[in-house]
Structure formats: structure tokens, C-alpha cells
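Only one structure is covered here, and it is reproduced in the block below.
The values are calculated or read from the model by the stated rules, or taken from the named source; none is laboratory data. This structure is a prediction, so every number in the text was calculated from the model and none was measured. Here Cβ is always computed from backbone atoms with ideal geometry, including for glycine, and neighbour counts include all displayed protein chains. Each accessible area value is taken on the protein alone, full model and side chains, heavy atoms only, with ligands, DNA and RNA left out. Shrake-Rupley method; radii C 1.70, N 1.55, O 1.52, S 1.80 Å.
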Amino acid sequence: MTNKKELKIQTEIGTYRVYIWWDKVDKAYLVKALNLPGVVTFGTSLIDAKRMAKDAIELYGECLLNEGKI
């Protein structure tokens, strides 16, 4: 059973909630953004995973903006 923690990630476009957990198989922290479909990432450390989550969320927002969806 995974021990997911819910965290808030502050980005340039707002604050977003994510789930983050350690995966023994991948030997990495996995991250899934809540309410942002398809925004998933990972990091080899907790700090790295949080930084990657911030980058992924900001890139998602940038893509939506470029596509005229926001």
C-alpha cells in the first residue's frame, strides 16, 4: 500500500494540490497533480519531486494558454 501525502505546490500561476509518494520499484518520489489531468512527474528526492511538480504544473498552464483554453 502506498503512503500518499497531499501537499500544496506554489507556482507562478497559483497554488495546486498534489499527491506525492515514494515508489520502491521506481526508487523515486512520484507526484500526481489533483484536478489537472495527465500532470504526473517524479524526482529522486523529495525536493527534486516538488521542483518537478512545480515545473510540470507551470508547463501545463502554459500549454493551455497557448492553445487558447484559458
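Per-structure values
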| quantity | calculated |
| --- | --- |
| Residue match in the stretch 15-27 (condition: touching a residue at least 12 places away in the same chain (Cβ under 8 Å), outside any strand (DSSP E or B) and on the phi > 0 side of the Ramachandran plot) | yes |
| Pair list, Cβ under 7 Å, 6 or more apart: the stretch 49-69 residue more than 13 Å from Pro37 (Cα to Cα), other residue exposed (fewer than 13 other Cβ atoms within 10 Å of the Cβ) and modelled with pLDDT under 95 | Glu58/Glu12 |
| Residues of the stretch 1-14 that turn out to be out of contact with any helix residue (DSSP H, G or I) (no Cβ under 6 Å at 6 or more places or on another chain) and in a strand (DSSP E or B), as a count | 6 |
| Members of the stretch 32-55 found to be of a type in the set (A, V, I, L, M) and under 15 Å from Lys8 (Cβ atoms), listed by number | Ala33, Leu34, Leu36, Val39, Leu46, Ala49, Ala53 |
| Any hit, the stretch 58-68, residues being modelled with pLDDT of 95 or more and under 16 Å from Lys4 (Cα atoms) | no |
| Members of the stretch 28-55 that are of a type outside the set (Ser, Thr, Tyr), open to solvent by 30 Å² or more (accessible area, probe 1.4 Å) and part of a strand (DSSP E or B) | Leu30, Lys32, Val40, Phe42 |
| Single residue of the stretch 56-70 satisfying the filter (farther than 20 Å from Asp23 by Cα and open to solvent by less than 80 Å² (accessible area, probe 1.4 Å)) that is nearest to the chain's Cα centre (by Cα) | Ile57 |
